[in-house]
Amino acid sequence: MKTGKRIGIDIGGSHITAAIIDIENSKAIPVSLLRKEIDSKGAGKEIIEAISAGIMGIAANHQPVSAVGIAFPGPFDYKKGVSRIAELGDKFQHIFGLHVAQALKDGCGLPDTEFYFENDAHCFAAGAANLYNVSKKRSLFLTLGTGFGSSFMEDGVVLAHHPSIPASGALYGEKFKDSIADDYFSTRWILNQYQTVSNTEAQSVKDIAGSGSAAAVSVFNSFGSNLGNFLFPWLQQFACEVLVIGGNIAKAETLFHAALIRELNLLEHLPEIIYCGDTEACILKGAALQTLTKESQPEQKRKTTQALLPLCSLTPSEGYSVFPSYHSRHIIRKGYEELAAIISDEQYVVIDGYGGVLWENFRKQLHQCFIKKHKKIFWYDIAACLKPAEVIADMISSSLNGDDPVFGKKYTGTISDFFDGEKLSRIIPAAGTADTCIIYGTGAALTKLKAKLIYIDVPKNEVQYRMRAGSICNLGAEEQTAAAQMYKRFYFVDWPVLNQHKEQLLSDIDIIVDEQRIDEITWMQGNDFRSTLQEMTNQPFRARPWFEAGVWGGNWMKKHITGLNKNEINYAWSFELITPENGIVIEGNSFLMEVSFDFLMYAGHRNILGKAADRFGKEFPIRFDFLDTYDGGNLSIQCHPRTAYIRENFGESFTQDETYYILDCEPEAKVYLGFQEDINNDEFQNALVEARQNNKALAVEKYVQIHPAKKHDLFLIPNGTIHASGKNNMVLEISSTPYIFTFKMYDWLRLDLNGQARPINIGHAFNNLYFERKGDIVQKELISVPQLMEEWPGGRKLKLPTHQVHFYEVDRYEFKGSVWINTLHQCHICMLVEGATIEVLSDGKLQTFKYAETFVIPAAVKQYQLNYQGTDTAFVVVAYVKEAACAVY
């Protein structure tokens, strides 16, 4: 790819120019020049055929073609090769949203040749810098023609962002006089100004320049003066060394150069000014040269040590399973070829999906299957219809709370807010454009096109792994930000709108796809999927857990949970059942497919929640997760928000009330909980601030009580309670579902695993702390004392009382043999916390769950039997919503 001749293409509104470029000869001019007319107002199919004919015409005697570089007017997604031209008069409007790169590859019969696209002004800069040997200097390149093109370059690189250039990287949209630069430094201004001055209509700039009239002299003098006046501050702050001017207007340099220089003479350093005599040649050369800088590099798609969900179901392990699945009687299929076979005869297809799908990878692999079937496919990217990134950023700014690393407020709008309605109406392709026209991307269903609907899901843990690898962006964003800011935007903006969109589409989905394996998809027919979801809402099931390292993380899970990567630095927590981020795995004819837990709630939240459904709707109210500090460290000293505070500030409907159930611990393990009797609020706050500002160790025990932790203890942590788990605990955290709202006050002077300071939230904490939870009250109200509720031969039921603020109960069944449990139309969240294996019988179906596995009994299951075959006594913890808490508030 680094050697050989390449094709350079310049696409204008009325023509296509193609040339063979010898990139090994830096001064070589384009050879074998070919020009063809193009009707930019024509149908998409005709435009693609015309460009393809030009490429094939120039390539006919120069095979093999190494690469094709195309200079295309904007707006255009140059990375993907997708047209975003919607408002350039009526030019190219019929290819709006079209994946031009793929259409041209197919049209030219060059499936293995890379096509690269770049803005024509950038191509001019690259070609002119090469021709005039100015690539090592700070340069500004202008193309003066139909529009005002510009590119800033430093050390041979076109600058997209720089503190001394416009935020857009270009000058055309910058203010000048009563309008913008593009209105003054373009063909239309000269034509309009000439008509005003001379009262005569001219056909072209060339005609005006050649007339020699006083009016022409006046117009070009004004043009040069305006250009110098506009450029002066930009040249000054950029410290420009070379100004290269090209385009058709540049041919009239003798008429405006003097006026331009008069305005620029006051510059501290007047740049060298070069007028380019052959702009088209430079654009063609630059188009070819940019194929070198853009050659594909291997892309890391996910960053994690954790394994992907296997393609096929595994042999059941003796212990905890990290890939639990629900067996469906319906078929799950695998692979792109089978999917292509099902949709290849459709005239239109819509492929929508969750944020975080690797859309280009998916599209390319599916397209290869269509090629094998000799099908002509036009792809239309719905992302072309998104509002500008800066408009979206402004729209959601109130939900992101500036650069706060953790907290925002849930966005209450819909996915439609992110899209331009006018553009959505333009993206629908005309009939007969191709064998199949596919509109794809997150939000594709907003086109309302009557077509087969495919929905692609990707688990939220994979979304985060991809985010960390830099392979995805937030909805409507063009660039990545810091990982913490991306996650915050996912949590508070993307996921709420995408979940709502997913719910609205559920009944219409024809095919559901699990894309997480990237190169090996699994999928299911929509009716079969909905049927399986309904079955699951009536049967016990497990969600798929996932595991994360952390600065305080331990090694209990490493030792006790098979299937985890033992080379991970530690495991700090598991998402056992944190439903906003969990998936459910469906197994059909041995293939595995994962979708988000949300789908279950959308399909049958009343079956799942029963009495609690009126209050919680489609939000699952309770979570189970592990906090592992074995041979690790203490958690931060922290508290959680009060109910009114979380609603007003973060947009959550209920707050983060927790408990710590000690699943296992070492003899010296401790829990920090509640204040000392003599706590002084101001003194404590001052000590926290000093510790943070001066990196000074805090005598935590002076302010916070420390309690010994024993296996099966339950510590109660209602909102506003100061607490932390000490090291050498394996905590089963039983909590209400919100899970990121932790106000850290002191973090033991640690940095995170990336060497960065962890966020400290003293202000938030002191707005929420209950200082009256101190002294003897802590022992009385915050450490649960088991109560015997029922006893029978071989077993008993204990109530582990929770705080009056908690809306959930916790029971523990201790037994040998069997016990029947009535759900009383409540959802039960369960875990075997003592013993090896337990069987659960419901509606005649038997399932097996292992030690430390979380399983859900939907409320639709009226009763279930727990069977334990061990010689010792089984302990099963069961959590559910309190009867009184089911009422709607």
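The values are calculated or read from the model by the stated rules, or taken from the named source; none is laboratory data. Quick caveat, the model's predicted, so the values are computed rather than measured. Heads up, the Cβs are rebuilt from the backbone with ideal geometry, glycines too, and the neighbour counts pull from every protein chain shown. Ligands, DNA and RNA are stripped out before the accessible areas are found, and what is left, the full protein with its side chains, is counted by its heavy atoms. Shrake-Rupley method; radii C 1.70, N 1.55, O 1.52, S 1.80 Å.
Annotations for the structure displayed:
- Restricting the first member to segment 313-327 and to residues that are touching a residue at least 40 places away in the same chain (Cβ under 8 Å) and assigned to a loop (DSSP other than H, G, I, E, B), and the second to residues that are of a type outside the set (F, W, Y) and open to solvent by 100 Å² or more (accessible area, probe 1.4 Å), the beta-carbon pairs closer than 7 Å and six or more apart or on different chains are F323/L314.
- Entirely in segment 351-463, the strands (runs of 3 or more DSSP E) that have 3 or more residues that are closer than 20 Å to E87 by Cα and among the aliphatic types (A, V, I, L, M): none
- Some residue of segment 491-508 being polar (S, T, N, Q) and closer than 18 Å to A383 by Cβ: no
- Contact map, segment 648-675: first residue farther than 30 Å from G413 by Cβ, second residue aromatic (F, W, Y) and open to solvent by less than 10 Å² (accessible area, probe 1.4 Å), Cβ cut-off under 7 Å, separation 6 or more or different chains; pairs are T659/F715; Y660/F715; D664/W556; V671/Y660; V671/F715; L673/F715.
- Among residues of segment 415-446, those that are polar (S, T, N, Q) and open to solvent by 50 Å² or more (accessible area, probe 1.4 Å), counted: 2
- Qualifying residue in segment 669-688 (condition: in contact with a Leu (Cβ under 8 Å, 6 or more places away or on another chain), buried (at least 16 other Cβ atoms within 10 Å of the Cβ) and farther than 23 Å from P801 by Cα): yes
- Segment 791-832 - residue that is of a type in the set (F, W, Y) and open to solvent by less than 30 Å² (accessible area, probe 1.4 Å) and, of those, nearest to T871 (Cα to Cα): F815
- For segment 148-164, a tally of residues being open to solvent by 10 Å² or more (accessible area, probe 1.4 Å) and within 31 Å of the chain's Cα centre (by Cα) returns 8.
- Considering segment 486-507, and only residues there that are polar (S, T, N, Q) and open to solvent by 50 Å² or more (accessible area, probe 1.4 Å), the residue that is nearest to L592 (Cα to Cα) turns out to be S507.
- Boolean, Y813 is in contact with a Lys or Arg (Cβ under 7 Å, 6 or more places away or on another chain) and either part of a loop (DSSP other than H, G, I, E, B) or modelled with pLDDT of 95 or more (or both): yes
- Residues in segment 289-342 that are open to solvent by less than 40 Å² (accessible area, probe 1.4 Å) and among the acidic types (D, E): E295 only.
- Contact map, segment 221-239: first residue of a type in the set (K, R), second residue surrounded by 16 or more Cβ atoms within 10 Å (Cβ to Cβ) and part of a helix (DSSP H, G or I), Cβ cut-off under 9 Å, separation 6 or more or different chains; the map is empty.
- Selection within segment 345-359: residues that are surrounded by fewer than 20 Cβ atoms within 10 Å (Cβ to Cβ) and out of contact with any strand residue (DSSP E or B) (no Cβ under 6 Å at 6 or more places or on another chain). The member of this set that is nearest to L453 (Cα to Cα) is Q347.
- Applying the condition of being among the hydrophobic types (A, V, I, L, M, F, W, C) and at pLDDT 95 or above to segment 148-169 and asking which residue is farthest from G246 (Cα to Cα) yields I165.
- Verdict on A250 being closer than 23 Å to A170 by Cβ, open to solvent by 40 Å² or more (accessible area, probe 1.4 Å), in contact (Cβ under 8 Å) with a residue 60 or more places away in the chain and not hydroxyl-bearing (S, T, Y): no
- Only one of D519, D510 that is touching a helix residue (DSSP H, G or I) at 6+ places or on another chain (Cβ under 6 Å), open to solvent by 10 Å² or more (accessible area, probe 1.4 Å) and farther than 23 Å from D403 by Cβ: D510
- Residue in segment 180-218 that is nearest to A121 (Cα to Cα), counting only those that are of a type in the set (G, A, S), assigned to a helix (DSSP H, G or I) and open to solvent by 40 Å² or more (accessible area, probe 1.4 Å): G210
- Just so you know, in segment 7-18 the residues that are of a type outside the set (S, T, N, Q) and at pLDDT 90 or above include one that is surrounded by the most Cβ atoms within 10 Å (Cβ to Cβ), and it is G8.
- Just so you know, in segment 799-835 the residues that are in contact (Cβ under 8 Å) with a residue 24 or more places away in the chain and of a type in the set (D, E, K, R) include one that is farthest from D713 (Cα to Cα), and it is K816.
- Scanning segment 474-493 for residues that are assigned to a loop (DSSP other than H, G, I, E, B) and either closer than 19 Å to I351 by Cα or among the basic types (K, R) (or both) turns up N474, L475, G476.
This table checks each residue for (1) in contact with a strand residue (DSSP E or B) (Cβ under 9 Å, 6 or more places away or on another chain); (2) among the small types (G, A, S); (3) modelled with pLDDT of 95 or more.
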{"position": "L716", "(1), (2), (3)": "yes, no, yes"}
{"position": "G720", "(1), (2), (3)": "yes, yes, yes"}
{"position": "N728", "(1), (2), (3)": "yes, no, yes"}
{"position": "R750", "(1), (2), (3)": "yes, no, yes"}
{"position": "N754", "(1), (2), (3)": "no, no, no"}
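- S222 surrounded by 15 or more Cβ atoms within 10 Å (Cβ to Cβ), over 50 Å from the mean Cα position of the chain (by Cα) and more than 17 Å from A121 (Cα to Cα): no
- Residue selected from segment 569-608 under the condition aliphatic (A, V, I, L, M), open to solvent by less than 10 Å² (accessible area, probe 1.4 Å) and out of contact with any Asp or Glu (no Cβ under 9 Å at 6 or more places or on another chain), by the criterion farthest from R333 (Cα to Cα): I608
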